[in-house]
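Before any comments, here is the structure.
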Amino acid sequence: MSAPLIELRGITKTYGQGQAAFQALRGVDLSIAAGEFVAVMGPSGSGKSTAMNLLGCLDTPTSGEYRFQGINVEQLDRNQRALLRRQCLGFVFQGFNLLARTSAQENVELPLLYRGEPGAVRHTAARAALAKVGLDGWETHTPAELSGGQQQRVAIARAIVTNPLVLLADEPTGNLDSKRSHEIMELLGRLNSEQGITIIMVTHEPDMAHYARRIVHFVDGLVDSDSATEAA
Amino acid sequence: MILNALLLALREIRRNLLRSFLTVLGIVIGVGAVITMVTLGNGATKMVSDQIASLGSNLLMVMPGQRLGPGRDSAGAPKFKIADIEAIQQQVNGLKAVAPVVGSPVTLVAGTQNWSSTVSGTTNDYFISGNWKIAAGRQFTDDEERAGKAVCVIGNTVRKELFGAGNPVGSSIRVKTFDCEVIGLLVAKGQGGMGQDQDDTVLMPLRTAQRRLTGTLDIGSVMVSLKDGTDATAAIAQLRSLLRERRKLAENADDNFNVMDTKQIAETLSGTIGTMTALLGAVAAVSLLVGGIGIMNIMLVSVTERTREIGIRLAIGALENEVLWQFLIEAVVLSACGGLVGVALAFAACLGLSSLMHIPFLFNPAINLTAFGFSAAIGVIFGYVPARRAAQLDPIEALRHE
Ligand SMILES: Nc1ncnc2c1ncn2[C@@H]1O[C@H](COP(=O)(O)OP(=O)(O)OP(=O)(O)O)[C@@H](O)[C@H]1O
Ligand SMILES: [Mg+2]
């Protein structure tokens, strides 16, 4: 068996220092192969978002080893990690993190712009991505003019517009009604099965988790259980 | 990459119009104020020094009465007589011209026009000491001076008021009770150092003015001009001792006349204006600083939002350098726009104000560059430095910034 796409070994993350220090991750081991669709579940505060941020190279662990395609991420410099994010990762934040006063279209185009795609390509790709999440007709709206669920879908469009190797989504359906949630899950399922995009998704809803083929449970900063779903 | 950064920078500027506008405004005000004040100050100094130069050699004004000042009284002091003038001409060395002046305010009438002006009764020496040139006609003849004939040479303002654009030479003006023939027109000089209109003047032979206007043989003042290279201090000392002797002043008595060196006055004046310019410059520098602090404020206030923006950009794949280029270009574009608008506004303001204030407009590249450079530097530093700090964070830390 080839090396897993993603491998965490003994990852810890401590926030703060001294008395106020808080260990959000206490030694996480996890390996995920290319093409998997993983749901991460667990109680609030169990360290799911913290783990996702580390997986997305947005944050550095306090200790432990993170290998991406066999490469030790700790040994990459800032620019190399930025390039890794640019070329391989798509991230949907729990809090959306869209650029303010910027149209949905421009928000979605941004990752392509940093990839150096020409304007015409960016345009079509962004429109297509917005259409996939059911936002055709909303291209010119800024985040302030969109509902929470719509913003969330713009964030998803921004993450999938580059067809990333790995899609990291932190509660991508947290603000959506169940019909929309199922639509998004079907979209993710298709991206996974048709384009082979590896998906790691945090969710609180067992319904949504069942679209994934594997469920990882976090409790108190540790992986509590790791099991295949019946869909697998 | 730079092209992308340019695109992004321009987008951000357009997207945050108010912030951009305030930044630009801060720079515009700072740059505009400094350049305007310093340029106008320089113009005023230049005007005064030009006037000093136009005085030619030193000019002394001799007037009866004690040194001017509070509590001094010039009413009782004896006036000069023609004999004093002759004595000065003969006994003081190094003089170019000695012109007695008898001044009298009059109303002038020519045809249907009338005008209030001042007559100076004097001699042909006045043209030398006052540095007056004849534009049309001629000076007084010896005969006219000796006989006190009713002739006059008028200044350009009097010409304009009484004759419009026409040639006044040969016409006649009614001065108080008598008719006076215009024999000459003076070349216009414009405004004097104190803002008075030098061309609002009528010159007559001394005798004419004494007989027909003042009715006495008194002489109001004497204008003495020195030959080039004459030591003004020595000439003044000689003049003083001569007049003291003629006025029979005791050894310890104060002068009952005074001698003013106009060149010295003008020099003092230009010194004062220089001080004023420095003061204005200081005020302007403060406004530049205030403008700079304004820019600083705007930049710092927007740091939180911008830090988050940087976090987002880094998270979705921007390189640190790309983010920095974007912010640098933004800062440079805003600062440069502000600087250029400031320079342009200052140019317009200087042009308008200098013509309004009748001072020459001297474009000063150094101050333009300094003001521009300073404010641009502030804009760039305060736009770029916070961005640099933010871009060095892990993306998640930038996103969490509060
Ligand atoms: N920047 C931070 N500084 C200090 N503590 C933090 C920070 N971020 C997270 N934590 C703490 O780490 C723990 C894990 O947080 P995390 O956001 O990973 O939880 P989560 O599992 O995503 O929860 P939720 O389901 O509510 O999103 C929490 O107890 C939280 O208080
Ligand atoms: Mg979370």
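The values are calculated or read from the model by the stated rules, or taken from the named source; none is laboratory data. No experiment lies behind these values; they were computed from the predicted model shown. Please note: Cβ atoms are built from the backbone with ideal geometry, for glycine as well, and neighbour counts cover all protein chains shown. Only protein heavy atoms, including side chains, enter the accessible area calculation; ligands, DNA and RNA are left aside. Shrake-Rupley method; radii C 1.70, N 1.55, O 1.52, S 1.80 Å.
Just a few scattered comments:
- The mean count of C-beta atoms from other chains within 10 Å of the C-beta of residues in B:14-27, rounded to a whole number, is 1.
- Estimated vicinal HN-Hα couplings, Hz - the stretch B:347-364 in sequence order (Karplus 6.51, -1.76, 1.60; Gly, Pro = x): 4, 4, 4, 5, 4, x, 5, 5, 6, 5, 8, 6, 10, x, 9, 9, 6, 10
- 1.4 Å probe, heavy atoms, protein only - residues of the stretch A:108-130 losing at least 30 Å² accessible area vs chain alone: A:110, A:113, A:114
- Rounded to the nearest Hz, the phi-derived 3J(HN,Hα) couplings of the stretch B:370-381 under the Karplus curve 6.51 cos²θ - 1.76 cosθ + 1.60 (θ = phi - 60°) are 4, 4, 4, x, 4, 5, 4, 4, 4, x, 5, 4, where x marks glycine and proline.
- Label-zone membership for the stretch A:55-81, site residue A:14, 7 angstrom Cα→C-beta point, backbone N under 17 Å: A:60-65
- Chain pair B, A: total accessible area buried, heavy atoms, 1.4 Å probe, Å²: 2600 Å²
- Of the GluC sites (Glu not before Pro) found in the stretch B:201-298, those that fall in a DSSP loop while having at most 14 other beta-carbon atoms within 10 Å are B:251.
- Accessible solvent surface per residue of chain A, calculated while the other protein chains remain in place, 1.4 angstrom probe, Å²: 41 Å²
- Cut-off under 5 Å, modelled amide H: who pairs with residue B:80 long-range: B:219
- At least 40 Å² of accessible area lost relative to the chain alone, listed for the stretch A:57-87 with a 1.4 Å probe: A:58, A:78, A:79, A:85, A:86
- Taking amide H positions as modeled 1.01 Å from N, with prolines and chain starts lacking one, the residues under 5 Å from residue A:36 and 5 or more places away or on another chain are A:199.
- Spatial separation of Cα centroids for the stretch A:66-112 and the stretch B:263-300, in angstrom: 51 Å
- The stretch B:167-221 versus the stretch B:87-108: alpha-carbon centroid distance in Å: 14 Å
- q = 0.09, 0.12, 0.15 Å⁻¹: log10 I(q)/I(0) that the Debye formula gives for chain B, counting C-alpha atoms only: -0.70, -0.96, -1.25
- For residue A:25, the residues whose amide H sits under 5 Å from its own are A:13, ignoring neighbours fewer than 5 places away on the same chain, with H placed 1.01 Å from N.
- Partner shielding of B:317-324 amounts to 6, given as the average count of beta-carbon atoms from other chains within 10 Å of each residue beta-carbon.
- Ligands, DNA and RNA left out, the accessible area of chain A computed with a 1.4 Å probe is 49% carbon and sulfur.
- Whole-number accessible area per residue in Å² for the stretch B:78-255, which is evaluated in the context of all protein chains at 1.4 Å: 48 Å²
- Using θ = phi - 60° and Karplus 6.51 cos²θ - 1.76 cosθ + 1.60, couplings along the stretch B:262-267 (whole Hz; Gly, Pro as x): 5, 5, 5, 4, 4, 5
- Estimated FRET transfer efficiency when R0 is 45 angstrom, pair residue A:147-residue B:348 (beta carbons, to 0.05): 0.35
- Of the trypsin sites (Lys or Arg not before Pro) in the stretch B:209-274, those whose Cβ has at most 14 other Cβ within 10 Å and which sit in DSSP loop: B:227, B:248
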